[in-house]
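Here it is: the structure, laid out below.
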Amino acid sequence: MGCGALARELVGLTRDVPGVEIALLPAILHNRPEGIPGAVRDRIREERASGAYARILVAYADCGTGGLLDRVCEEEGVERLPGAHCYEVYAGRAAFAALHEEEPGTFYLTDFLVRAFEALVWQGLGLDRHPGLRDVYFGNYRRVLYLAQSPDPELVERARAAAQRLRLTFELRDTGTGELGEAVRRIAA
């Protein structure tokens with residue numbers, strides 16, 4: 001089961017893997033990460049009650065739960081993705097640590113966040129109604145770093161436009177699916 005923000009990648013990675021099915025939870029849970037552990041626990045129990053699956057991988061990193069998701073995974077006997085968030089999963093742990101060290105004032109985008117920027121960031125944070133909030137939210141940021149899962153020129157341009165709207169410099173790194181692909185392949189084996 002996984003986060004809706006990983007849907008395209010999870011579907012793509014498992015399309016040709018027999019016996020693997022994807023169940024998604026809404027990406028909007030990230031706006032209130034304290035709800036992620038309970039939603040994951042409920043879905044694990046629902047899937048187990050159906051008796052349809054031998055193994056469950058939780059395709060979430062910690063995602064702001066402060067370790068609460070780890071407790072749920074331990075109690076339920078399931079594995080989750082390694083890392084603090086999807087940016088670390090896509091970039092890879094060592095590469096993400098280096099990126100963060102290089103510029104801690106980085107706002108990260110993924111393919112999902114580029115597609116959802118208007119709704120989740122611009123409107124979701126109220127920047128459309130209160131432009132002055134840009135300095136409150138992003139005043140300490142220096143760059144937007146787009147960790148691209150797919151080489152799509154349209155998404156690159158949309159990410160560049162998002163950086164301009166936030167008045168931040170723009171950088172692009174093609175990460176592919178990073179450690180997400182590795183985790184899915186390992187659990188599917």
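Since every read-out is calculated from the coordinates, none of them should be taken as a lab result. Note that the coordinates shown come from a computational prediction; the quantities given were computed from them, not determined experimentally. Counting neighbours? That spans all protein chains shown, and the Cβs are built from the backbone with ideal geometry, glycine included.
Go through the range 98-122 and report how many residues are out of contact with any helix residue (DSSP H, G or I) (no Cβ under 8 Å at 6 or more places or on another chain), free of Cβ contacts under 8 Å to residues at least 40 places away in the same chain and either under 20 Å from Arg143 (Cα atoms) or surrounded by 13 or more Cβ atoms within 10 Å (Cβ to Cβ) (or both).
Count: 7.
Right, another one. What helices (runs of 4 or more DSSP H), lying completely within the range 35-124, carry at least 2 residues that are more than 13 Å from Ala5 (Cβ to Cβ)?
Numbers: elements: 36-50, 68-76, 86-91, 93-102, 111-115.
Filter on the range 35-124 gives 36-50, 68-76, 86-91, 93-102.
Testing Ala162 on (1) over 23 Å from Asp16 (Cβ atoms); (2) touching a residue at least 24 places away in the same chain (Cβ under 8 Å); (3) not in a helix (DSSP H, G or I), one condition comes back false. Which one is that?
With respect to (1) over 23 Å from Asp16 (Cβ atoms); (2) touching a residue at least 24 places away in the same chain (Cβ under 8 Å); (3) not in a helix (DSSP H, G or I), Ala162 is out only on (3).
Here's something else I'd like to know. Which condition number in (1) closer than 21 Å to Glu118 by Cα; (2) free of Cβ contacts under 8 Å to residues at least 24 places away in the same chain; (3) in contact with a strand residue (DSSP E or B) (Cβ under 6 Å, 6 or more places away or on another chain) is the one that Pro26 fails?
(3)
Turning to a different aspect of this structure: Residue check: is Ala23 buried (at least 18 other Cβ atoms within 10 Å of the Cβ) and not aromatic (Phe, Trp, Tyr)?
Values: buried (at least 18 other Cβ atoms within 10 Å of the Cβ): no; not aromatic (Phe, Trp, Tyr): yes.
Considered against the rule, which asks whether it is buried (at least 18 other Cβ atoms within 10 Å of the Cβ) and not aromatic (Phe, Trp, Tyr), Ala23 comes out as no.
Can I ask one more? Run down Glu46, Glu34 and say which single residue is charged (D, E, K, R), more than 22 Å from Thr14 (Cα to Cα) and exposed (fewer than 14 other Cβ atoms within 10 Å of the Cβ). Give the steps one after another, and end with the answer.
Values: Glu46 fails: more than 22 Å from Thr14 (Cα to Cα).
Just a single option satisfies the conditions, and that option is Glu34.
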